[in-house]
1. In segment B:81-109, which residue that is within 14 Å of B:C23 (Cα to Cα) and among the β-branched types (V, I, T) is surrounded by the fewest Cβ atoms within 10 Å (Cβ to Cβ)?
2. Within segment B:5-64, track down each residue that is more than 18 Å from A:A91 (Cα to Cα), small (G, A, S) and under 14 Å from the mean Cα position of the chain (by Cα).
3. Quick check, is A:S65 out of contact with any strand residue (DSSP E or B) (no Cβ under 7 Å at 6 or more places or on another chain) and either surrounded by fewer than 18 Cβ atoms within 10 Å (Cβ to Cβ) or assigned to a loop (DSSP other than H, G, I, E, B) (or both)?
4. Identify, please: which residue in segment A:82-115 is within 19 Å of A:P8 (Cβ to Cβ), more than 13 Å from the chain's Cα centre (by Cα) and of a type in the set (S, T, N, Q) and is, among those, surrounded by the most Cβ atoms within 10 Å (Cβ to Cβ)?
5. Starting from residues that are of a type in the set (S, T, Y) and away from chain B (no Cβ under 14 Å), keep the ones in segment A:26-58 and report whichever is surrounded by the fewest Cβ atoms within 10 Å (Cβ to Cβ).
6. List the strands (runs of 3 or more DSSP E) inside segment A:72-115, counting only whole elements, that have at least 3 residues being free of Cβ contacts under 8 Å to residues at least 24 places away in the same chain and more than 10 Å from chain B (Cβ to nearest Cβ).
7. Residues that are in contact (Cβ under 8 Å) with a residue 24 or more places away in the chain and within 9 Å of chain A (Cβ to nearest Cβ): which strands (runs of 3 or more DSSP E) entirely in segment B:52-116 hold 2 or more of them?
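Every read-out reported here was derived from the displayed coordinates using simple, explicitly stated rules and does not represent laboratory data. All of these numbers come straight from a predicted model, not from anything done at the bench. Cβ: placed from backbone, ideal geometry, glycine included. Neighbour counts: every protein chain shown.
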Amino acid sequence: QQQVKQSPQSLIVQKGGISIINCAYENTAFDYFPWYQQFPGKGPALLIAIRPDVSEKKEGRFTISFNKSAKQFSLHIMDSQPGDSATYFCAASRNSGGSNYKLTFGKGTLLTVNP
Amino acid sequence: SAVISQKPSRDICQRGTSLTIQCQVDSQVTMMFWYRQQPGQSLTLIATANQGSEATYESGFVIDKFPISRPNLTFSTLTVSNMSPEDSSIYLCSVFPTGNSWSEQFFGPGTRLTVL
């Protein structure tokens, strides 16, 4: 049973465009939702994360939108750049009260930004 | 933050042999995790390795196949035993630094394993 579903599997956008990646989760005990960026040959690196007490978090060109009732969250990359070309993973974990901090990952989205 | 190094960075091994992967962290961390990333796939948690206790394995992973050691707060090893080509993957360690429950989980660069 996949607990975090991510779409699309791949995405191609033009430089300057908006990239949108969506995730949906099933386990209502999840309370921490990070997005990781992974370049070829490297380990994943945290891009931005959100907790369910807010509906949106923005850091520079990256924004997470969170819909608790729908159990969905999404990553928006504004003004996408060729250097953003990477694989993006959404994830979820439980980090509070008897938690285990174990990350459950989506299947990843390969983003290509054309110059 | 935490800086993580893994050894080896990559290896090619023969079927039936074993490989031990090392994970070194530049600071003391309570929680450490081992993940597997099969080619072009997502990350799957193998086990949680906390210092001073036995590793906790996820469904589908067993200690005989993936023994883990955690001798101190900065080091861990994962052994992939009796390897088969299906074990060809990237193996990553990650750490959850001691303290803030909402702090970042950091990943190492991974060990790329190919089994022939």
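1. B:I90
2. Listed by number, the residues that qualify are B:S5, B:S9, B:A49, B:A55.
3. Values: out of contact with any strand residue (DSSP E or B) (no Cβ under 7 Å at 6 or more places or on another chain): no; either surrounded by fewer than 18 Cβ atoms within 10 Å (Cβ to Cβ) or assigned to a loop (DSSP other than H, G, I, E, B) (or both): yes.
It is false that A:S65 is out of contact with any strand residue (DSSP E or B) (no Cβ under 7 Å at 6 or more places or on another chain) and either surrounded by fewer than 18 Cβ atoms within 10 Å (Cβ to Cβ) or assigned to a loop (DSSP other than H, G, I, E, B) (or both).
4. Here the answer is A:S85.
5. Per the criteria, the residue is A:T28.
6. Working: elements: A:72-77, A:86-92, A:109-114.
Answer list for segment A:72-115: none.
7. Numbers: elements: B:68-72, B:75-80, B:89-97, B:111-115.
By residue number, B:89-97.
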